[in-house]
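Everything below concerns the one structure shown next.
The values are calculated or read from the model by the stated rules, or taken from the named source; none is laboratory data. Quick caveat, the model's predicted, so the values are computed rather than measured. Don't worry about glycine lacking a Cβ; one is built from the backbone with ideal geometry, like all the others, and counts go over all protein chains shown.
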């Protein structure tokens with residue numbers, strides 16, 4: 001709905017202490033007195049589908065060009081762009097269309113750069129459609145708290161699932177890296193063999209630390225032994241994975257868990273297999289990319305590696321995946337497209353609920369988040385936000401295997417896995433604290 005002079009006059013009257021004030025205020029812009037909230041414009045978006053609607057600007061802080069997750073970041077962005085384009089074509093939200101391009105910035109997966117770019121876009125957006133990275137998001141969380149600025153999560157750190165840590169600001173999705181490791185190991189024990197010795201190769205920091213903590217919890221509960229916890233980093237920082245590979249070969253475990261990037265996964269799996277390592281590999285969500293099937297490690301990955309995800313694969317049959325496939329102009333570069341699409345549902349639900357109650361402001365979104373239930377059309381486990389701590393029994397994992405004959409090079413083995421260990425564990429705080 002466009003704001004005509006007559007409509008603006010009506011909105012000014014809403015400030016008067018009259019009986020109809022509540023009705024008039026609800027009919028006006030999403031803040032008191034008819035003044036737009038930050039990131040909410042009465043004018044159309046730069047490239048509108050409908051010229052008669054206003055614009056809600058959402059920011060994006062992601063690794064789009066220059067960092068270790070740029071391939072994933074670009075695909076995440078493609079999924080989000082397709083999602084919000086469908087929302088706009090379907091009529092938008094509360095008289096507004098959604099723009100996530102004007103304030104989209106490449107952070108290179110660098111916390112300092114993330115903070116700099118955050119400062120540049122924060123005054124102009126209602127919320128963030130993406131904040132990629134745990135340390136990166138933590139670097140601006142205090143400023144987000146002050147500004148009441150909510151973000152969709154491009155990170156699965158367990159801290160986002162506890163209200164006293166995420167401050168009711170981060171729309172996390174599905175599970176944490178910690179519980180991902182637990183569910184992945186349950187699946188592996190049921191469908192391959194119960195591993196007695198496990199080594200973990202993981203990025204130092206919250207991502208790798210959270211995943212390794214989950215592996216340790218599983219090992220303790222299931223009588224297995226963690227033989228090595230090997231810290232590493234992206235190859236752009238450490239050069240190669242020869243160090244971790246040497247540690248594995250010096251004391252080979254039954255299973256190697258990976259919480260790295262995709263390039264490092266290909267190197268580790270490929271070189272270990274070539275060196276005669278007889279064990280298997282299980283990887284966290286960021287370890288997979290379909291492009292790995294074009295590397296020398298393709299044969300080893302197909303034979304020895306599985307990965308987990310909170311989101312249905314491209315071959316899934318949930319309504320959400322069907323809509324994501326239908327909206328894609330072509331087959332995506334990798335499964336990050338699905339992640340981007342799926343992580344957009346919570347923010348859409350939040351904006352829709354806030355718009356219906358006249359609360360399209362930053363503070364309004366934050367308040368509306370309490371008790372918000374989102375099912376993402378079955379693409380992710382149903383999530384209820386604003387809880388003090390997560391419902392572990394509601395979490396599920398999607399288990400996949402590389403397959404060069406499958407669309408996007410990956411085939412789903414289990415679309416809704418829920419293992420027994422999660423039912424036994426009690427977790428009332430993040431698996432790892434900030435490092």
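Observations on the structure shown:
- Scanning segment 286-309 for residues that are in contact with a strand residue (DSSP E or B) (Cβ under 6 Å, 6 or more places away or on another chain) and closer than 16 Å to residue 256 by Cα yields a count of 9.
- Helices (runs of 4 or more DSSP H) fully within segment 336-429 that include at least 3 residues being under 18 Å from the mean Cα position of the chain (by Cα): 336-342, 345-356.
- Residue match in segment 93-114 (condition: closer than 23 Å to residue 143 by Cα, without any contact (Cβ under 8 Å) to a residue 12 or more places away in the chain and within 24 Å of the chain's Cα centre (by Cα)): yes
- In the set (1) more than 27 Å from residue 391 (Cα to Cα); (2) under 22 Å from the mean Cα position of the chain (by Cα), the condition left unmet by residue 175 is number (1).
Listed here are the residues, each with its yes/no results for (1) within 22 Å of residue 127 (Cα to Cα); (2) outside the structural domain of residue 292 (by TED's automatic domain parsing); (3) out of contact with any strand residue (DSSP E or B) (no Cβ under 9 Å at 6 or more places or on another chain).
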position: 342; (1), (2), (3): yes, yes, yes
position: 347; (1), (2), (3): yes, yes, no
position: 350; (1), (2), (3): yes, yes, no
position: 357; (1), (2), (3): yes, yes, yes
position: 365; (1), (2), (3): yes, yes, no
position: 369; (1), (2), (3): yes, yes, no
position: 375; (1), (2), (3): yes, yes, no
position: 386; (1), (2), (3): yes, yes, yes
position: 400; (1), (2), (3): no, no, no
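- Any hit, segment 170-185, residues being free of Cβ contacts under 8 Å to residues at least 40 places away in the same chain and crowded, with 24+ Cβ neighbours inside 10 Å: yes
- Positions within segment 246-261 being over 25 Å from residue 190 (Cβ atoms) and over 24 Å from the mean Cα position of the chain (by Cα), in sequence order: 246, 247, 249, 250, 251
- Selection status of residue 432, part of a helix (DSSP H, G or I) and either in contact with a helix residue (DSSP H, G or I) (Cβ under 6 Å, 6 or more places away or on another chain) or more than 30 Å from residue 42 (Cα to Cα) (or both): no
- Residue 332 vs. criteria in a loop (DSSP other than H, G, I, E, B) and outside the structural domain of residue 154 (by TED's automatic domain parsing): no
- Residues that are farther than 18 Å from residue 187 by Cβ, in contact with a helix residue (DSSP H, G or I) (Cβ under 7 Å, 6 or more places away or on another chain) and either part of a loop (DSSP other than H, G, I, E, B) or assigned by TED's automatic domain parsing to the domain that holds residue 81 (or both), drawn from segment 298-320: 314, 318, 319, 320
- Sole exception among (1) closer than 26 Å to residue 133 by Cβ; (2) assigned to a loop (DSSP other than H, G, I, E, B); (3) touching a strand residue (DSSP E or B) at 6+ places or on another chain (Cβ under 7 Å) for residue 195, by number: (1)
- In segment 56-139, counting only helices (runs of 4 or more DSSP H) that sit wholly within it, the ones holding 3 or more residues that are over 21 Å from residue 342 (Cα atoms) and modelled with pLDDT of 95 or more span 111-121.
- Boolean, residue 266 is in a helix (DSSP H, G or I), assigned by TED's automatic domain parsing to the domain that holds residue 196, within 21 Å of residue 233 (Cα to Cα) and modelled with pLDDT under 95: no
- Evaluation of residue 145 against (1) touching a strand residue (DSSP E or B) at 6+ places or on another chain (Cβ under 9 Å); (2) in a helix (DSSP H, G or I) (one fails), failing number: (1)
- Among the criteria (1) surrounded by fewer than 19 Cβ atoms within 10 Å (Cβ to Cβ); (2) touching a strand residue (DSSP E or B) at 6+ places or on another chain (Cβ under 9 Å), the one residue 210 does not fulfil is (1).
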